[in-house]
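Okay, structure first, notes after.
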């Protein structure tokens, strides 16, 4: 061993400065002796102590994490359930929105105008059917009166007039609203 190596070794490790040259050579040649001396050095002891402290801290953290594991799994399960419920509610929301659009579609101004126009035609047809039925009944009655049966009574005539007048009144109201709507005199509010 050269003196430069010994000088460097004692400079880097002042704890070994008290060892003789023979002891240093024995240290390099005998692995067990080297390990015994190496582990007795204060820096190595400090490093082992720090490593043990870190190991204990890691062990403590791991134990703490393991203690929280069941709660974490429970929270994960609850979160997954809440997420699944939210997804189901989101899908239901889309269904409800579609149902709502379908319901509201029946109350749009365009749809209501179309229904009003259809109801005008239907009411006109209904009143005309009523009049036709009455006339046919009267003509049957007059042909029967020639054969010896009675003609429609005044009560039948009053009932027809009342019913026909009400049907035509509804018809004319609907025509009036349809005309106003066509002229832009009907205003719809979204309240």
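The values are calculated or read from the model by the stated rules, or taken from the named source; none is laboratory data. Keep in mind that this is a model prediction, so the values were computed, not measured. Quick reminder, even Gly has a Cβ in these numbers, built from the backbone with ideal geometry, and neighbours come from all protein chains shown.
Yes or no: residue 84 loosely packed, with under 10 Cβ neighbours inside 10 Å and at pLDDT 85 or above? Let's see the steps before the verdict.
Working: loosely packed, with under 10 Cβ neighbours inside 10 Å: no; at pLDDT 85 or above: yes.
Here the answer is no, as residue 84 does not meet what is asked.
How many residues are within 17 Å of residue 165 (Cα to Cα) and not in a helix (DSSP H, G or I) when one looks only at the stretch 91-143?
Summing the residues that are within 17 Å of residue 165 (Cα to Cα) and not in a helix (DSSP H, G or I) in the stretch 91-143 gives 0.
Across the stretch 136-164, which residue is farthest from the chain's Cα centre (by Cα) among those that are modelled with pLDDT of 90 or more and surrounded by fewer than 11 Cβ atoms within 10 Å (Cβ to Cβ)?
Residue satisfying both the conditions and the ranking: 158.
Within the stretch 21-80, count every residue that is part of a helix (DSSP H, G or I) and either within 30 Å of residue 3 (Cβ to Cβ) or in contact with a helix residue (DSSP H, G or I) (Cβ under 9 Å, 6 or more places away or on another chain) (or both).
Residues flagged as part of a helix (DSSP H, G or I) and either within 30 Å of residue 3 (Cβ to Cβ) or in contact with a helix residue (DSSP H, G or I) (Cβ under 9 Å, 6 or more places away or on another chain) (or both) within the stretch 21-80 amount to 28.
Restrict the check to the stretch 108-127 and report whether at least one residue is at pLDDT below 95, closer than 17 Å to residue 178 by Cα and exposed (fewer than 10 other Cβ atoms within 10 Å of the Cβ).
Yes, there is a match, as at least one residue in the stretch 108-127 is at pLDDT below 95, closer than 17 Å to residue 178 by Cα and exposed (fewer than 10 other Cβ atoms within 10 Å of the Cβ).
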